[in-house]
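**Student:** Have a look at this one.
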Amino acid sequence: MNIPANLKYTKDHEWVSLDGDIATVGITHFAQKELGDIVYVEVETLDQTLEKDEVFGTVEAVKTVSDLFLPLSGEIIAFNDTLESTPESVNSDPYGAGWMIKVKISNRDEVDSLLSNESYKELIGA
């Protein structure tokens with residue numbers, strides 16, 4: 001299972017890539033595998049400031065809809081709008097073309113609460 005070492009993770013199966021105070025967020029390989037074929041990604045929180053763990057959107061698979069939880073407090077500054085026409089990118093490339101949002105983080109200390117790839121592997125039993 002693909003769990004890149006350069007990313008941070010949440011217990012809700014989101015991944016985070018940090019570049020200064022900008023965090024790119026998506027769902028993990030494990031999450032997309034558990035969900036199955038993803039048919040729709042909805043994010044209606046663009047340009048909003050949310051707190052850590054608030055719902056920022058939903059991902060819809062053939063059999064289920066799951067909430068997406070913000071891993072770090074901040075303003076959602078970008079949505080990967082290519083997912084509107086190709087939501088299957090989340091399945092085929094969850095850490096690349098399948099990214100979901102970019103967040104301008106407001107509390108750098110929250111980064112310490114994220115999981116390393118080793119801790120995430122333990123969480124999912126990989």
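**Student:** Once every DSSP H run of n ≥ 4 in the chain is given -39500 (n - 2.57) and the sum is divided by its residues, what mean residue ellipticity at 222 nm do you get, rounded to the nearest 500 deg cm²/dmol?
**Tutor:** Here the helix-only value at 222 nm equals -3500 deg cm²/dmol.
**Student:** Taking a spot 7 Å from the Cα of Thr58 along the direction of its beta carbon, which residues of the stretch 92-114 have an amide N less than 19 Å from it?
**Tutor:** Correct set: 100-101.
**Student:** What spacing in nm lies between the two simple spin-label points modelled at Lys33 and Ser106, each 7 Å away from Cα in the Cβ direction?
**Tutor:** Roughly 3.6 nm, to one decimal.
**Student:** Rounded to whole Å and ordered largest first, report the semi-axes of the equivalent ellipsoid of the stretch 74-126 derived from its Cα gyration tensor (root of 5λ).
**Tutor:** 23, 20, 6
**Student:** Now a separate question. Rounded, prolate or oblate, given the Cα gyration tensor of the chain, with a/c below 1.5 counting as rounded?
**Tutor:** Oblate, because a/c is 1.5 or more while a/b does not exceed b/c.
**Student:** Return the distance in nm (one decimal) between the two label points of a simple spin-label model at Ser85 and Ala126, each offset 7 Å from Cα along Cα→Cβ.
**Tutor:** 3.1
**Student:** Take the alpha-carbon centre of the stretch 89-103, take the same for the stretch 36-77, and report the distance between them in whole Å.
**Tutor:** Answer, in whole Å: 12.
**Student:** Based on the Cβ-Cβ distance from Glu51 to Glu118, what FRET efficiency comes out when R0 is 22 Å, to the nearest 0.05?
**Tutor:** After rounding to 0.05, the efficiency reads 0.20.
**Student:** Now a separate question. Past 20 Å, Cα to Cα: identify those pairs from Lys33/Lys63; Lys8/Lys52; Lys11/Lys52; Lys33/Lys102; Lys52/Lys121; Lys52/Lys104, in the order given.
**Tutor:** Lys33/Lys102; Lys52/Lys121
**Student:** Multiply the residue gap between Asp67 and Glu44 by 0.36 nm, knock off their C-alpha separation, and tell me the result in nm, one decimal place.
**Tutor:** Contour length minus the Cα-Cα distance gives 7.1 nm.
No value in this document is a laboratory result; all are computed from the given coordinates. Please read all numbers here as calculations on a predicted model, not as lab measurements. Note that we place each Cβ from the backbone using ideal geometry, even for glycine, and neighbour counts take in every protein chain shown.
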